[in-house]
Structures are given as structure tokens and as C-alpha cells.
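Nothing in this text is a laboratory measurement; each read-out follows from the coordinates by a stated rule. Predicted model only: the values in this text are computed from it and were never measured. Every residue, glycine as well, gets a Cβ built from its backbone with ideal geometry; the counts of neighbours run over all protein chains shown.
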Amino acid sequence: MKLASFQVQTRVGRFTRIGAVQPDDTIIDLSSAYAALKAHEGEPQPYRLMEALTPPDMKRFIEGGNTALKEAQRAVNYVLEKLAKVGAQHAVPLLEGPQGESLVFSVSDVILLPPLPHPNSLRDFILFEGHFRRSYDAMGIEPPEAWYKMPIYYKGNAAAIIGHGQDLIWPSYTEKLDYELEIALIVGKEGRNIRREDAEGICLASDVRRYRRLGYSGASGVLLGQ
């Protein structure tokens, strides 16, 4: 399942939602879809279950673990079955939640947020030797031996994450920014020495920063806008 956090504009303001992105560039609202599914199944309090298992907040949803993910998949299947039966162009009246809320949005009609807008922490690891060595070769020095023994990372600013298509504010103190394509690995559970296959999900990211050479040999600092 390809997950997304997004905002929708309503007459009473913007609301943050979580959804499952579909191949036709639509997003199924997981919270509303799950409430609709439970109402269809005769649940008298569908929104209470929705808040527990598919809340409109990605961090809380991830904390629900495999149970939340399985229930979200059931909600997606419910919506897709409705779409298949009546056709997408006729599905709007049948694809409303118990209180008339929309279950499906076009990607073009929403604001995409970072998949996980408020992570507990952000760590940028330096893992690829070819890329790592180029920086040190440019400075004419050898990489530290410690890099080959243990992964090296620095802590980024978890509050400075923006979503696809959102404006990146150019800092007034610099005329040059560096950017890199990154693979972001989201760890959705507590633990130590977590295996790659046990991570919660993977997404693409763009790392934007300003570099500054520090005043001692062989070191550089990553500053601002990280």
C-alpha cells in the first residue's frame, strides 16, 4: 500500500488526512473509508473504531502496527469494490462516509504533505562509499576508518520537512544550496538493531542543505535547511 498524508480544503478550513494512493492518481481517505466500512458492517460507533485504528494522523496510524494496516487494507478493498461495481464516474453518491464525507480525492485537488509529517527524529546516514569518498577526495584526505566499522549519521531537523510540491523557502544568507536524492526508511516501532525487513516503509526524499567548511582539518558541517 502506498501511503500519503494530505490536506483537503473545506468551507471550515483545511483538514489533514491519511490515504492510500491509487494508480489513477486518486487517494482513498483511509479514515473515512474505514468508518464507511464499519458502518456498512453494522458497527454502531464506526468513528470510535476509526480513531483507534485508522486515525487521520500518520504517526498514530503507524503506531497501530499490523492490525491498523490490515484494517486499512480492508477499507481500501471496500472502496475499490464499490468503484468496480458502479464505475468511477457514477460512484460519488455511493462513496460517501456515514456523515456524507468524501472517500476518494484526486491528487490534484489536495495538498500533499510529507508522508510522515512529524517524525520523532530524523537521522541522515552516510552509507554509500562511492558518494562518501568523493567528498573526501575533493578535500585531498582519506575517509576516517571508523566509517567502515559503524554507520555514521547526523541528526537533521525533524521540524523542517515539507511535502511534494510545497515551496522551499530559500534562505536569505546564501546564494547556493546543495540537494541530494535520498531513500528514506521509516521505522515504525520501538526497538534496537531493527532489521531492514522489519522497517515500516520506504519513500523517496530530497535532502537540501547548505555546506560550510569548518576551521579544522577534514571536517565539514551541515547547516540550516536540512
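For region 149-195, which chymotrypsin sites (Phe, Trp or Tyr not before Pro) pass both filters: DSSP loop (anything but H, G, I, E, B) and at most 12 other C-beta atoms within 10 Å?
Details: sites: Tyr153, Tyr154, Tyr173, Tyr179; in loops: Tyr173.
Counting only loop positions with at most 12 other Cβ atoms within 10 Å, the chymotrypsin sites (Phe, Trp or Tyr not before Pro) in region 149-195 are Tyr173.
For the Cα atoms of the chain, what angle does the longest principal axis make with the long axis of helix 65-86, in degrees from 0 to 90, nearest 10?
Taking Cα atoms only, the helix is inclined about 50 degrees.
Any idea what angle helix 129-139 forms with the longest principal axis of the chain, computed on alpha-carbon atoms, 0 to 90 degrees, nearest 10?
The angle comes out near 40 degrees.
Kindly provide the trypsin sites (Lys or Arg not before Pro) of region 1-42 that DSSP labels as loop, not H, G, I, E or B, and whose Cβ sees at most 11 other Cβ atoms within 10 Å. Numbers along the way, then the final one.
On the way: sites: Lys2, Arg11, Arg14, Arg17, Lys38; in loops: Lys2, Arg11.
In loop regions of region 1-42 (DSSP not H, G, I, E or B), the sparsely surrounded trypsin sites (Lys or Arg not before Pro) are Arg11.
At 0.36 nm per residue, minus the direct Cα-Cα distance, what do Glu129 and Ser106 gain on full extension? Give it in nm, one decimal, please.
Values: separation 23, 0.36 × 23 = 8.28 nm, distance 4.06 nm.
Stretched fully, the Glu129-Ser106 segment lengthens by 4.2 nm.
Rounded to two decimals, what is the ratio between the C-alpha radius of gyration of the chain and 2.2 N^0.38 Å? Please report the intermediate quantities before stating the final value.
Values: Rg = 21.6 Å, N = 226, 2.2 N^0.38 = 17.3 Å.
Rounded to two decimals, the normalised Rg is 1.25.
Once you place label points 7 Å from the Cα toward the Cβ at Leu168 and Glu51, how far apart are they in nm?
Roughly 3.9 nm, to one decimal.
Rounded to a whole number of µm²/s, how large is the Stokes-Einstein D of region 3-112 at 10 °C and 1.306 mPa s, given Rh as the Kirkwood radius over C-alpha pairs?
On the way: Rh = 13.8 Å.
In µm²/s, the coefficient is 115.
Determine the distance separating the Cα centre of region 28-70 from the Cα centre of region 99-143; give it in Å without decimals.
A separation of 27 Å, based on Cα centres.
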